[in-house]
Amino acid sequence: MSLYEEFRAHVRAQTPVALATIVEGPGIGAKLMVTRTNGTEVVTGSLGHPDLDRVVARDTAGELEAGRTGVR
């Protein structure tokens, strides 16, 4: 299943999900998806660097918890 198919399935199931995409600079187009299952964040994909993935996953989990969207 592709990342987009998995994302669509979460949206249709009304499961909290976030999709982060690099829109400018190195790694443009890279994607990272974060969902929450039984209180645990599940990260799929990569933005191309482990430290960036960790920070974005952490921030995205906070946005999911707060029920917000954002652009950074």
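THR44 fulfils the conditions (1) under 10 Å from the mean Cα position of the chain (by Cα); (2) modelled with pLDDT under 85 except for a single criterion, (2). Tell me whether the range 62-71 contains one or more residues that are open to solvent by 60 Å² or more (accessible area, probe 1.4 Å), assigned to a helix (DSSP H, G or I) and at pLDDT 95 or above. No - not one qualifying residue is present in the range 62-71. Considering only residues of the range 35-54 that are part of a helix (DSSP H, G or I) and open to solvent by 50 Å² or more (accessible area, probe 1.4 Å), which is nearest to GLU24 (Cα to Cα)? Filtering the range 35-54 for residues that are part of a helix (DSSP H, G or I) and open to solvent by 50 Å² or more (accessible area, probe 1.4 Å), the one nearest to GLU24 (Cα to Cα) comes out as LEU52.
Within the range 38-72, the set of residues being among the charged types (D, E, K, R) and without any contact (Cβ under 8 Å) to a residue 40 or more places away in the chain comprises GLU41, ASP51, ASP53, ARG54, ARG58, ASP59, GLU65, ARG68, ARG72.
Close Cβ contacts (under 9 Å, 6 or more residues apart or on different chains) running from residues in the range 1-28 that are in a helix (DSSP H, G or I) to residues that are surrounded by 10 or more Cβ atoms within 10 Å (Cβ to Cβ) and small (Gly, Ala, Ser) comprise LEU3/GLY45. If you check LEU3, LEU19 for being in contact with a helix residue (DSSP H, G or I) (Cβ under 6 Å, 6 or more places away or on another chain) and modelled with pLDDT of 90 or more, only one passes: LEU19. Filter the range 1-12 down to the residues that are open to solvent by 70 Å² or more (accessible area, probe 1.4 Å) and not hydroxyl-bearing (Ser, Thr, Tyr) and list them by number. Hits for the range 1-12 are MET1, GLU5, ARG8, VAL11, ARG12.
The values are calculated or read from the model by the stated rules, or taken from the named source; none is laboratory data. Keep in mind that this is a model prediction, so the values were computed, not measured. Note that we place each Cβ from the backbone using ideal geometry, even for glycine, and neighbour counts take in every protein chain shown. Just so you know, the surface numbers come from the protein's heavy atoms only, side chains and all, with ligands and any DNA or RNA stripped out. Shrake-Rupley method; radii C 1.70, N 1.55, O 1.52, S 1.80 Å.
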